[in-house]
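The values are calculated or read from the model by the stated rules, or taken from the named source; none is laboratory data. Please read these numbers as outputs of a predicted model, since none were measured by experiment. With ideal geometry, Cβ positions are generated from the backbone for all residues, glycine too; neighbour counts draw on all protein chains shown. Surface accessibility is based on the protein's heavy atoms, side chains included, excluding ligands, DNA and RNA. Shrake-Rupley method; radii C 1.70, N 1.55, O 1.52, S 1.80 Å.
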Amino acid sequence: MFTLPGLPYAYDALAPVISDRTLHFHHDKHHAAYVKTLNELLAKAGKMPSSLEAAIVESAGAKEPKLYNNAAQAWNHAFFWLAMSPTRQAPAAELAEAIRISFGGLPALREQFVKEGAAHFGSGWVWLAADAGGGLKVFSTHDAHDTVTTPKDHPLLVCDLWEHAYYLDYQNDRKAYLEAWFDALPNWDFAASQLAAARGSGALWRYEAPVAEARAA
Ligand code: FE
């Protein structure tokens, strides 16, 4: 079975950009439910994929939409927690240079990221990713759609665009959420390690491997 990763910081560590209350609902209810449903669907089907990435790839493309949606949402949320840091950071070194080359600088990347996320229709995710050539790009995906099934896109950061991610704190103002998020929360150290891995140095982040089913008490 797959386990729900704990938050890598305290529930109140991202406030006021993301409140303690939002993080409790988001992690303990939404993310937990995706992992629980994923495990139930796998158990019912008698399957135990070797990794969450394998589960996503094997169920993608409308083969098993329910399994895919829960597997991809389990992955996307774990990545989202890591893409944020309570400590305000700035891109440095190779990542700063890549942002300069691909966008012209951090303010231009911010503008594109916020615009993409704010204009995205409905639920989904806005990503900063490195493409196969090592250049950076911003794009959004719908609902549970992820970057595991597009292996040429190596994700550096992601921001959750589902209403559950921001509605308690920003109500319908998704743009304000994205602006506040981009200015305070990106984990640029994590993004830099993902970029280095995309360029062949180190390993890209992967979801924790499944563990043997716990015996019923
Ligand atoms: Fe979410």
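Which one is surrounded by the most Cβ atoms within 10 Å (Cβ to Cβ) among residues in segment 123-174 that are acidic (Asp, Glu) and within 23 Å of ALA196 (Cα to Cα)? Among those that are acidic (Asp, Glu) and within 23 Å of ALA196 (Cα to Cα), it is ASP146. Residues in segment 105-122 that are open to solvent by less than 60 Å² (accessible area, probe 1.4 Å) and without any contact (Cβ under 8 Å) to a residue 40 or more places away in the chain were compared, and the one that is nearest to GLU163 (Cα to Cα) is GLY122. Can you tell me which residue among GLU64, GLU94, GLU163 is within 17 Å of the chain's Cα centre (by Cα) and of a type in the set (D, E, K, R)? Of GLU64, GLU94, GLU163, the one residue that is within 17 Å of the chain's Cα centre (by Cα) and of a type in the set (D, E, K, R) is GLU163.
Scanning segment 29-51 for residues that are within 25 Å of ALA180 (Cα to Cα) and open to solvent by 60 Å² or more (accessible area, probe 1.4 Å) gives LYS29, HIS30. In this entry, ALA60 passes the filter for residues that are surrounded by 15 or more Cβ atoms within 10 Å (Cβ to Cβ) and modelled with pLDDT under 95. The sole residue among ALA184, ALA197, ALA191 that is touching a helix residue (DSSP H, G or I) at 6+ places or on another chain (Cβ under 8 Å) and of a type in the set (A, V, I, L, M) is ALA191.
Filtering segment 83-104 to residues that are buried (at least 18 other Cβ atoms within 10 Å of the Cβ) and in a helix (DSSP H, G or I) leaves LEU95, ALA98, ILE99, SER102, PHE103.
Within segment 176-217, being open to solvent by 20 Å² or more (accessible area, probe 1.4 Å) and of a type in the set (Ser, Thr, Tyr) holds for SER193, SER201.
Of the residues PRO5, PRO49, the single one that is in a loop (DSSP other than H, G, I, E, B), closer than 17 Å to ALA209 by Cα and within 16 Å of the ligand (Cβ to nearest atom) is PRO5. Only a single criterion out of (1) open to solvent by less than 40 Å² (accessible area, probe 1.4 Å); (2) farther than 14 Å from TYR207 by Cα; (3) within 15 Å of the ligand (Cβ to nearest atom); (4) in contact (Cβ under 8 Å) with a residue 60 or more places away in the chain is not satisfied by ASN69, namely (1).
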